[in-house]
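Everything on this sheet refers to the single structure shown next.
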Amino acid sequence: MGHGPLSGYRILDMTQFEAGTVCTEILAWLGAEVIKVERPVTGEQGRYSQAEPGIDSYGFLVVNMNKKSVTCNAKTPEGLQLMKDLLKKCDVFVENMGPGAVDRLGLSYEACKAENPDIIYASLKGFAKDGPYADYPAFDPIATHTGVMVSVTGLPDQPIKSGISVADSGTGTMLALSIIAALLQKEREGIGQRVDIAMQDFMIGLSRAQWEPYLANGHPNRRVGNGMPLEDVAPSNTYPCKPFGPNDYVHIYASRHPGSKQWDILCDVIGRPDLKQDVCPEMSTPRKRFENVEMCDSAIAAWCAQHTKHEAMDIMCKAGVPAGAILDCDDITNDPQYYERGMMVEVDHPERGKVKLPGFAPKLSANEIEYLPSPALGGANEEVYCGLLGKTAEELAELKAKKAI
Ligand SMILES: CC(C)(COP(=O)(O)OP(=O)(O)OC[C@H]1O[C@@H](n2cnc3c(N)ncnc32)[C@H](O)[C@@H]1OP(=O)(O)O)[C@@H](O)C(=O)NCCC(=O)NCCS
């Protein structure tokens, strides 16, 4: 810990579940010292594993790498004092509790600023604090439903939510970016500030491309399954491949630009030159292909059915037509290329043993990220409370006896 572009910065982390923890995990990967504060005995809510109570959930392992954990019951006077002492030693405070919870603890922005005037105080909520839904709780699907995404995802008569937590991890990532910007401003101007982000607002921003068809058509966009959501064009579909298992599909999308050669190349690849733009009026433009989508899709589907998803992706892409196989967790976990370039990493967790997990996508040429397993609950109590705050062993024992840590 302590290497990387953010080395030297210390983060006081009161995050839970995924959205907040992803934010502080990124800061930790980038070298910041992240002190994760958790309630004694149970830890933060994301530690709990319904399948295996008493052992950290895999979900916790995935979003809490490279952090230190201390226990603190901030609802006790001693615990609150510990938090205030820690605030003085930290550059950033991050939390994603429910509306009002952090204020009720006595850790509002004003209270934290009183302890550390330059603090960067980062709060992640479901909804904006100055909007009408400010008091509403939210998990990921609440934000994807209220932030446009589900209005355009699924089938025409069946809204479908995303299978991954786009709002949680996306908002957490955006919060990390904003905290780093605030740290840069603090370097230049010496000022701290509060950074607020709402998952709904993040999703609205993430959906910004949807305003292209919305403004052009003057009405909300339709759900188009695997079709192209921005315009009525083809091909854009997910086609079954050999051996027709649950994830044996490839998505093929040829550019919607009218001058693109991708459709003609695709026709050569699938052995159907008779469907090229200049020779087949029904296939002459992206819009025409959409109007005759069964003709378009059946020709592609017949070819895909003769190939595995990997073959289909390779052949299409090598010819210059964008294609992507559905790659599931099994495909990624068992492919050495992801470990060779640090996108998948193996960590040695004290309870779970060796675990393979996704790493940090960006690569910074002056830095190499060291991946450490998620911390044991309270594993850094002595290091932080004695080392950083100067408590004695007796004082630590007293805090434990009072159930403050
Ligand atoms: C996710 C969410 C719905 C969960 O709601 P919840 O289970 O009721 O949990 P809350 O965060 O509201 O409450 C946490 C409680 O733990 C307490 N707590 C947390 N850490 C504590 C600590 N170290 N010491 C003492 N108490 C602590 C809080 O004070 C709060 O108590 P209170 O309700 O008596 O005020 C809610 O936290 C939320 O809307 N968060 C913001 C959006 C978000 O991040 N959602 C996605 C999460 S992946």
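The values are calculated or read from the model by the stated rules, or taken from the named source; none is laboratory data. Only a predicted model underlies this, so the values are computations on that prediction, with no experimental measurement involved. Reconstructed Cβ throughout: ideal geometry from the backbone, glycine too, with neighbour counts over all protein chains shown.
Among residues of region 4-15 that are farther than 17 Å from residue 362 by Cβ and acidic (Asp, Glu), those with a beta-carbon under 8 Å from a residue that is part of a loop (DSSP other than H, G, I, E, B) and at pLDDT 95 or above at least six positions away or on a different chain give the pairs 13/67. Considering only region 356-405, state which residues are farther than 26 Å from residue 54 by Cα and of a type in the set (A, V, I, L, M, F, W, C). Matches in region 356-405: 360, 361, 364, 366, 369, 386, 388, 389, 393.
Residue 151 passes every criterion in (1) in contact with a Lys or Arg (Cβ under 9 Å, 6 or more places away or on another chain); (2) in the same structural domain as residue 286 (by TED's automatic domain parsing) apart from (2).
Those helices (runs of 4 or more DSSP H) of region 1-104 in which at least 3 residues are closer than 18 Å to residue 179 by Cβ and within 12 Å of the ligand (Cβ to nearest atom), considering only elements entirely within it, cover 19-29. On inspection, residue 259 passes the criterion of being at pLDDT below 95, of a type outside the set (D, E, K, R) and exposed (fewer than 15 other Cβ atoms within 10 Å of the Cβ). In region 170-268, counting only strands (runs of 3 or more DSSP E) that sit wholly within it, the ones holding 1 or more residues that are farther than 30 Å from residue 5 by Cβ, in contact with a strand residue (DSSP E or B) (Cβ under 7 Å, 6 or more places away or on another chain) and without any contact (Cβ under 8 Å) to a residue 60 or more places away in the chain span 236-240.
Of the residues making up region 105-125, those that are of a type outside the set (A, V, I, L, M, F, W, C), assigned to a loop (DSSP other than H, G, I, E, B) and either near the ligand (Cβ under 10 Å from one of its atoms) or buried (at least 18 other Cβ atoms within 10 Å of the Cβ) (or both) number 2. Filtering region 292-322 to residues that are surrounded by 16 or more Cβ atoms within 10 Å (Cβ to Cβ) and of a type in the set (Asp, Glu) leaves only 297.
Only one entry of 70, 63, 37 meets the criterion of being farther than 18 Å from residue 105 by Cβ and in contact (Cβ under 8 Å) with a residue 40 or more places away in the chain, and that entry is 63. Summed over region 269-281, residues that are in a loop (DSSP other than H, G, I, E, B), more than 15 Å from residue 312 (Cβ to Cβ) and either modelled with pLDDT under 95 or of a type outside the set (Lys, Arg) (or both) total 4.
Could you list all residues from region 139-165 that are in contact with a Ser or Thr (Cβ under 6 Å, 6 or more places away or on another chain) and within 24 Å of residue 24 (Cβ to Cβ)? Matches in region 139-165: 140, 144, 162. If the condition is being of a type in the set (Asp, Glu) and either part of a helix (DSSP H, G or I) or within 16 Å of the ligand (Cβ to nearest atom) (or both), then region 126-158 contributes 130, 135, 140.
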